[in-house]
Amino acid sequence: NDILIATHNAGKAKEFEAMFAEKGFRIKTLEDFPEIPEVEETGSTFEENARLKAETIAARLKCMVLADDSGLIVDALGGQPGVYSARFAGEAHNDAANNAKLLHELTGVPKEERTARFHCTLVLAAPNRKSLVVNGETEGRILTIPRGENGFGYDPLFLVEEMGKSMAELAPEIKNKISHRAKAIQNLTKVWDDWLED
Ligand code: ITT
């Protein structure tokens, strides 16, 4: 009952660990396989990048692999940073710099135009198999001042309106019920029985 998640992102790993523990699965991540080289995310969509990560690692390790490609879609920025969310402020993948850049780009944009959504695409791959693809999204609004200490990435700037809290102000068990990643996992578990049996 182990699932290998093709990620180096500690924030994602923590959420997968908690959400899959409830279902009786333990997770491993790429941190457990330091010999595997980085998979370059050359795709232009979440699905392409999630496929690249899942299918490359599955072929290499000859086992079942789940990959997450996710990001923040901001309407006032024409959908940016999107698939470039991790690298918005540069290749360093620095959350603080990414958040600062997001605030800067939205300077002067009024509240009602700061709508955004988090997107998550999950791809489940295994050697010589057709991959399974699912998605999840959570709607929100970009704040002008960061709030909260939980989560990772853009969570302090993402207001979940129906909760009146930023994603980073939500307790992890709440984020793991309402997040884009939680919804994608729900969608995955709806369809993976047949796939796992084949
Ligand atoms: P891996 O490819 O190793 O999984 P990564 O961080 O490079 O890690 P992505 O290319 O999928 O992963 O980029 C996802 C970025 O989107 C992430 O670095 C955050 O900036 C943002 N993001 C995704 N999910 C998020 C969440 O739940 N909360 C806040 N930000 C999130």
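Here, each number is a calculation from the coordinates, and none is a lab measurement. Fair warning: this is a prediction, and the values are worked out from it, not measured in the lab. A quick note on method: Cβ atoms are made from the backbone with ideal geometry, for glycine too, and the neighbour counts reach across all protein chains shown.
Looking at (1) within 30 Å of Leu61 (Cβ to Cβ); (2) within 13 Å of the ligand (Cβ to nearest atom); (3) touching a Ser or Thr at 6+ places or on another chain (Cβ under 6 Å), which is the only condition Leu159 fails?
If we test Leu159 against (1) within 30 Å of Leu61 (Cβ to Cβ); (2) within 13 Å of the ligand (Cβ to nearest atom); (3) touching a Ser or Thr at 6+ places or on another chain (Cβ under 6 Å), just (1) comes out false.
Output the residues belonging to segment 49-69 that are of a type outside the set (Lys, Arg), over 22 Å from Arg26 (Cβ atoms) and either touching a helix residue (DSSP H, G or I) at 6+ places or on another chain (Cβ under 8 Å) or buried (at least 19 other Cβ atoms within 10 Å of the Cβ) (or both). First the steps, then the outcome.
Step one: of segment 49-69, the residues of a type outside the set (Lys, Arg) are 49-50, 52, 54-59, 61, 63-69.
Filter once more, so that each one left must be over 22 Å from Arg26 (Cβ atoms): 49, 52, 55-56, 59, 69.
Hits for segment 49-69 are Asn49, Leu52, Glu55, Asp69.
Identify all residues within segment 110-131 that are free of Cβ contacts under 8 Å to residues at least 60 places away in the same chain, assigned to a loop (DSSP other than H, G, I, E, B) and touching a strand residue (DSSP E or B) at 6+ places or on another chain (Cβ under 7 Å); write none if there are none.
Pass one, segment 110-131, residues free of Cβ contacts under 8 Å to residues at least 60 places away in the same chain: 110-116, 128, 130.
When the remaining residues are screened for being assigned to a loop (DSSP other than H, G, I, E, B), the result is 110, 114, 128, 130.
Selection gives Arg114 alone.
Suppose we filter Thr107, Thr121, Thr42 for residues that are surrounded by 15 or more Cβ atoms within 10 Å (Cβ to Cβ) and of a type in the set (Ser, Thr, Tyr); which single one remains?
Going through Thr107, Thr121, Thr42 in turn, just one is surrounded by 15 or more Cβ atoms within 10 Å (Cβ to Cβ) and of a type in the set (Ser, Thr, Tyr): Thr121.
Can you find a residue in segment 78-86 that is among the hydroxyl-bearing types (Ser, Thr, Tyr) and within 15 Å of the chain's Cα centre (by Cα)?
The first filter runs over segment 78-86 and keeps only residues among the hydroxyl-bearing types (Ser, Thr, Tyr), leaving 84-85.
Going one step further and asking which of them are within 15 Å of the chain's Cα centre (by Cα), we end up with 84-85.
Scanning segment 78-86, I find at least one residue that is among the hydroxyl-bearing types (Ser, Thr, Tyr) and within 15 Å of the chain's Cα centre (by Cα), so the answer is yes.
Which one of these is out of contact with any His (no Cβ under 9 Å at 6 or more places or on another chain) and more than 30 Å from Cys63 (Cα to Cα): Glu113, Glu173?
It is Glu113.
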